[in-house]
């Protein structure tokens with residue numbers, strides 16, 4: 001994990017849950033390693049207005065989940081997965097053995113955002 005991604009993980013921005021009837025939740029679990037992620041989204045039209053996350057697993061999963069807020073708030077729901085991938089790349093990317101974390105969080109995000 002890159003130092004920049006580690007800093008994002010340790011800051012854990014937007015960790016927790018969103019409340020309210022308009023909040024949509026998505027979840028994903030890795031079938032082999034057991035990493036899990038839940039993502040809450042509040043949309044304004046098709047734009048992600050707020051996001052929160054809860055994750056368990058390897059440091060890469062925690063780091064990718066922690067990068068959600070900075071990557072997807074203000075983005076169109078359909079583009080959110082790509083925005084998250086771009087943010088991870090900007091932070092130095094993931095090693096081959098860590099890439100499952102991005103796919104996992106993207107699945108939970110897509111379910112929550114309805115994308």
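Every number here is computed from the coordinates shown, using simple stated rules; none is lab data. For clarity, every value in this text was computed on a predicted model and none was experimentally measured. All Cβ positions, even for glycine, are placed from backbone atoms using ideal geometry, and neighbour counts span all protein chains on display.
Which percent, nearest 5, of DSSP beta bridges in the chain are antiparallel?
Values: 17 of 18 bridges.
About 95 percent, rounded to the nearest 5.
What distance in nm lies between label points placed 7 Å from Cα along the C-beta direction at residue 25 and residue 79?
Once both label points are built, they end up 3.0 nm from each other.
Between 74, 34, 16, where does the largest GNM mean-square fluctuation fall for the chain, given springs only between Cα atoms within less than 10 Å?
Answer for the Gaussian network model of the chain: 34.
Between the stretch 1-30 and the stretch 62-115, what is the C-alpha centre distance in whole Å?
A separation of 10 Å, based on Cα centres.
Who wins for biggest fluctuation among 25, 90, 61 in a Gaussian network model of the chain, springs between alpha carbons below 10 Å?
90
Can you tell me the FRET efficiency between residue 56 and residue 95 if r is taken as the Cβ-Cβ distance and R0 is 22 Å, rounded to the nearest 0.05?
On the way: r = 20 Å, r/R0 = 0.91.
Efficiency computed from Cβ-Cβ geometry: 0.65.
Between 0 and 90 degrees, rounded to the nearest ten: what's the tilt of helix 99-113 against the longest Cα principal axis of the chain?
Tilt relative to the chain: about 0 degrees.
Which of 64, 51, 23 ends up with the largest GNM mean-square fluctuation for the chain, with Cα atoms connected below 10 Å?
23
Considering Cα pairs under 8 angstrom that are at least six residues apart, work out the relative contact order of the stretch 3-113 and quote it in whole percent. Write down the numbers at each step before the final one.
Working: 224 pairs, mean separation 36.7, N = 111.
Rounded, it is 33 percent for the stretch 3-113.
P(r) for the stretch 3-113, please, calculated from all Cα pair distances in 10 Å bins and given in %.
Going from the shortest bin to the longest, the percentages are 17, 53, 27, 3.
What distance in nm separates the simple spin-label points at residue 2 and residue 103, each placed 7 Å from Cα in the Cβ direction?
The answer from the label model is 2.1 nm.
Ignoring everything except DSSP H segments at least 4 long, calculate the 222 nm mean residue ellipticity for the chain; use -39,500 (n - 2.57) per segment, divide by total residues, nearest 500. Could you put the intermediate results ahead of the total?
Details: 5 runs with 48 residues, N = 115.
That comes out to -12000 deg cm²/dmol.
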